[in-house]
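The values are calculated or read from the model by the stated rules, or taken from the named source; none is laboratory data. Note that the structure is predicted; figures quoted are calculated from it, not measured. Counting neighbours? That spans all protein chains shown, and the Cβs are built from the backbone with ideal geometry, glycine included. Surface areas here come from the heavy atoms of the whole protein model, side chains and all, with no ligands, DNA or RNA. Shrake-Rupley method; radii C 1.70, N 1.55, O 1.52, S 1.80 Å.
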Amino acid sequence: MDPAFAPQDRLALRDWYASPPGEALADDLCGYLGSVVPQLFGYHALRIGDLGPCRDPLAGSRIIHRVQLDLVPPAQLLAQPRALPIQADTLDLVVLTHVLEFCSDPHGVLREVDRTLVPEGHVIIIGFNPISFMGLRRLAAWKRGSAPWRGRYYTARRVRDWLQLLGYEVLDTVSAGFRPPLRRAGMLRRLRPMETLGARFWPILGGAFVILARKRVATLTPMRPRWSPRRRIAAGLAGSGFRRQGRG
């Protein structure tokens, strides 16, 4: 088992999303997902993780067959994200919800996603941003042993670079969660205007990001050969006869 991707992390993260700051962030994230997910089509979708016990990042999806994978119930599949029990070229959509921050091999997870996605399939990645109030809270956390403060946060730019190295086309990147992760729900409601201002003036400082990317298919462009196969073969027959290369 991946030592940095453990069931206790998933449970602690789920509990945090049930707290006032987690609910506020989930509302913002689900608002964006609700406008994007219905536009992605296919037959099979997989989501790893969630945004709390009562929130489905794939809510509103037109993909009928949807499966959740995690390390804790109520997921249908209990498995590690870097070893997906899914055949290659099967999935049309994969949603990673705070997976890269809590695994020791994020590149391996992305390679598994690439293996299981069909050509032109989509991946949605949700992650915490280190350059934000969430990042500052993580650095100042007195207790590092629980999620979400235990994870290793990556910037959206770095994750986009990883995707582009795998040949993906990044279609969209949005930020959310510009309010500090306060425990008082009333204060969070009063600070709601920070979301609008942050998205407009300092989008790189959001507490979380969502990246939408598409798996590109490399196409080969046919080229006419500059030599004549028939002439080259004829020249060979006129020589010393057939010869197997590498022998004799």
Please list, by residue number, every one of the trypsin sites (Lys or Arg not before Pro) in the stretch 1-71 that is coil in DSSP and has at most 13 other beta-carbon atoms within 10 Å.
ARG62
Trypsin sites (Lys or Arg not before Pro) within the stretch 167-196: DSSP coil, no more than 14 neighbouring Cβ in 10 Å
ARG183, ARG184
Please arrange THR173, THR196 by accessible surface area, largest first, computed with a 1.4 Å probe and ligands excluded.
THR196, THR173
Spin-label pair ALA18/GLU120, simplified geometry with 7 Å Cα→Cβ offset, distance in nm:
4.2
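Taking the Cα centre of the stretch 50-130 as origin, sum charge times position over the Cβ atoms of Lys and Arg (+1) and Asp and Glu (-1), and report the length of that vector in debye to the nearest 20.
100
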Which trypsin sites (Lys or Arg not before Pro) does the stretch 100-165 hold that lie in a coil by DSSP with at most 13 other beta carbons within 10 Å?
LYS143, ARG144
